[in-house]
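The values are calculated or read from the model by the stated rules, or taken from the named source; none is laboratory data. Please read these numbers as outputs of a predicted model, since none were measured by experiment. All Cβ positions, glycine included, derive from the backbone under ideal geometry; neighbour counts span all protein chains shown. Quick note on the areas: whole protein, heavy atoms, side chains included, nothing else; ligands and nucleic acids left out. Shrake-Rupley method; radii C 1.70, N 1.55, O 1.52, S 1.80 Å.
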There are 2 protein chains.
Amino acid sequence: MRELRETILRQGQCVGDSIVKVDMFLNHRLDTRLMFAMGRELADYFGKDKPDIVLTVEASGIALALAAAHFLDDIPVVFAKKSPAANQSADMLTAVAHSFTHGNDNALRVDRRYLPAGSRVLVVDDFLADGEASRALISIVEQAGCTLVGVGIAVEKGFQPGGRKLREAGVNLKSLAIVTSIQDGRIQLADDD
Amino acid sequence: MRELRETILRQGQCVGDSIVKVDMFLNHRLDTRLMFAMGRELADYFGKDKPDIVLTVEASGIALALAAAHFLDDIPVVFAKKSPAANQSADMLTAVAHSFTHGNDNALRVDRRYLPAGSRVLVVDDFLADGEASRALISIVEQAGCTLVGVGIAVEKGFQPGGRKLREAGVNLKSLAIVTSIQDGRIQLADDD
C-alpha cells in the first residue's frame, strides 16, 4: 500500500538492525486518516470472504481493527485482553503469546460469548514479526469453533519468520507493507503485489 | 445519548452494586456502529472548540477516541501507555492513575513529541468513575504545555466522584450516558441534557 510505505519511509525510525519504530503514526500516536485508509484496504481485500467479526489484541491493534470493521459494514470488533481484570467472566478462551518487545509471555483472553461458534473471523493486528500474537489469536478462533477468514496486518517484518509461517500454514495473509531489511539505519520495503 | 442509554439497559450487566459491565459493546467486544455514533456525538459537541489532538489511554479508550477523531476532520489520536516498553524513548510525560478495577497503580506515559506545546487537546475515555485516568491525562496535557478543550466520556458512573470533581474544576465534561445508581441489579440512568 503506497501511502503506508511512504509514511514508513518518512516517519519510521530504526533502533539497531531489527526494530522499526512506527510510534509516530501506528502505535502511540495514530494517523487517523492513514488508519482509515488502511482499514478500507483490508476491507476491500477480505470483504469477498464475508467476515462477521474482526478479532485483534489490545492495545495497538484496536484502531486498525475498528477502521477495517467500519468498512466491512460495521461488523463488531473483539479485542483479546492481555491481563485478567477483577471483573472478568470465568469462561475465557486463552492462548499464550511471547512478546519479544517486552520480553515476557502474555496470556491472551477472549470471552467465549463474543466469538459465537460458526462465526467467520478476520484477525487484524498492527505488526507481524515472529507471529506470536497472530498464532495465539488463530488458536482462540479455533477453540471457539469459528472459521478463520484471514489475517490482515499493517506492517510485516519480512526478515522475521511470522509471515512465512502463516503463509506455509495456508493462512490468507495480507500485509499492507513488508519491511524486508534494515541496513545502516535505512528501512527497505518490498514492492506492492 | 439515547442509543447508548438503550444499549446499556439492554446489554449492560451489574456486578454487585457498583460495577457496570459493558463488555458486550464498549470494552471487550466493540459495537462498531454505536462506537461511530458516539464518536460523532462527541465531535459535534466539541468541534466548535477546535481540538487538534485527541488524547486517550490504552486500551479501551482507543476505539472511541479514533471514532471521535474521524469526525473531527481526522485529527490524530495519541494514546497514553500503561507500561514501559523496551523500545520507548526517554522523554516521556508521566502521571500516575490508580485503577480500582485492577487494584493497582498505572504510570500513564506519553511521548512528549506527540503533544506539541500549544496544541488543543480533547481527552476521551470509555469510562469515568473515580476520575483517576482523566485526572492523569489532564496532568499530562498541562505538563506538555497544551490547552485542554474538554473531556468526552462514553459512560460516567454518577455515583462515584470523578465527574463531580472534574466539573467543579471547571472542566468541560461531556458524558454520553450517566449511570446514577445500581439497585437490586438494575441500572438507573440519568436523562439526557
Out of all the residues in region B:60-74, is one or more open to solvent by 40 Å² or more (accessible area, probe 1.4 Å), at pLDDT 95 or above, within 12 Å of chain A (Cβ to nearest Cβ) and under 18 Å from the mean Cα position of the chain (by Cα)? yes
Only residues that are part of a helix (DSSP H, G or I) and closer than 19 Å to A:Cys146 by Cα: list them for region A:69-81, please. A:Ala69
From the set of residues in region A:38-59 that are assigned to a loop (DSSP other than H, G, I, E, B) and facing chain B (nearest Cβ under 10 Å), which is nearest to A:Ser119 (Cα to Cα)? A:Glu58
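Listed here are the residues, each with its yes/no results for (1) more than 17 Å from the chain's Cα centre (by Cα); (2) crowded, with 21+ Cβ neighbours inside 10 Å; (3) of a type in the set (Asp, Glu); (4) modelled with pLDDT of 95 or more.
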| position | (1), (2), (3), (4) |
| --- | --- |
| A:Val151 | no, yes, no, yes |
| A:Lys157 | no, yes, no, yes |
| A:Arg164 | no, no, no, yes |
| A:Ala177 | no, yes, no, yes |
| A:Ile182 | yes, no, no, no |
| A:Arg186 | yes, no, no, no |
| A:Asp192 | yes, no, yes, no |
Could you count how many residues in region A:164-193 are of a type in the set (A, V, I, L, M, F, W, C) and touching a residue at least 60 places away in the same chain (Cβ under 8 Å)? 6
Is one or more of the residues making up region B:132-143 within 12 Å of chain A (Cβ to nearest Cβ), charged (D, E, K, R) and out of contact with any His (no Cβ under 7 Å at 6 or more places or on another chain)? no
Determine whether region B:109-121 contains at least one residue that is more than 17 Å from B:Ile153 (Cα to Cα), at the interface with chain A (Cβ under 9 Å from one of its Cβ atoms) and modelled with pLDDT under 90. no
May I ask you to verify whether A:Gly131 is at pLDDT 95 or above, open to solvent by 20 Å² or more (accessible area, probe 1.4 Å) and of a type in the set (Gly, Ala, Ser)? no
Given A:Asp44, A:Asp91, which one is surrounded by fewer than 21 Cβ atoms within 10 Å (Cβ to Cβ), on the phi < 0 side of the Ramachandran plot and modelled with pLDDT of 95 or more? A:Asp44
Of all residues being of a type in the set (Lys, Arg) and under 27 Å from B:Met38 (Cα atoms) in region B:95-128, which is surrounded by the most Cβ atoms within 10 Å (Cβ to Cβ)? Just the residue, please. B:Arg109
Meets criteria (more than 10 Å from every other protein chain (Cβ to nearest Cβ), of a type in the set (Gly, Ala, Ser), surrounded by 17 or more Cβ atoms within 10 Å (Cβ to Cβ) and over 22 Å from B:Glu132 (Cα atoms)) for B:Gly12: yes
Whether any residue in region A:97-118 is over 28 Å from B:His98 (Cα atoms), of a type outside the set (S, T, N, Q), assigned to a loop (DSSP other than H, G, I, E, B) and in contact with a Phe, Trp or Tyr (Cβ under 7 Å, 6 or more places away or on another chain) is what I want to check. no
Cross-chain or 6+ apart pairs with Cβ under 6 Å, region A:24-37 first and touching a residue at least 12 places away in the same chain (Cβ under 8 Å) and more than 9 Å from chain B (Cβ to nearest Cβ), then open to solvent by 10 Å² or more (accessible area, probe 1.4 Å) and assigned to a helix (DSSP H, G or I): A:Ala37/A:Glu3
Can you run down the residue pairs with Cβ atoms below 8 Å, 6 or more apart or on separate chains, where the first is in region B:3-21 and farther than 10 Å from B:Ala177 by Cβ and the partner is open to solvent by 80 Å² or more (accessible area, probe 1.4 Å) and of a type in the set (D, E, K, R)? B:Cys14/B:Arg186
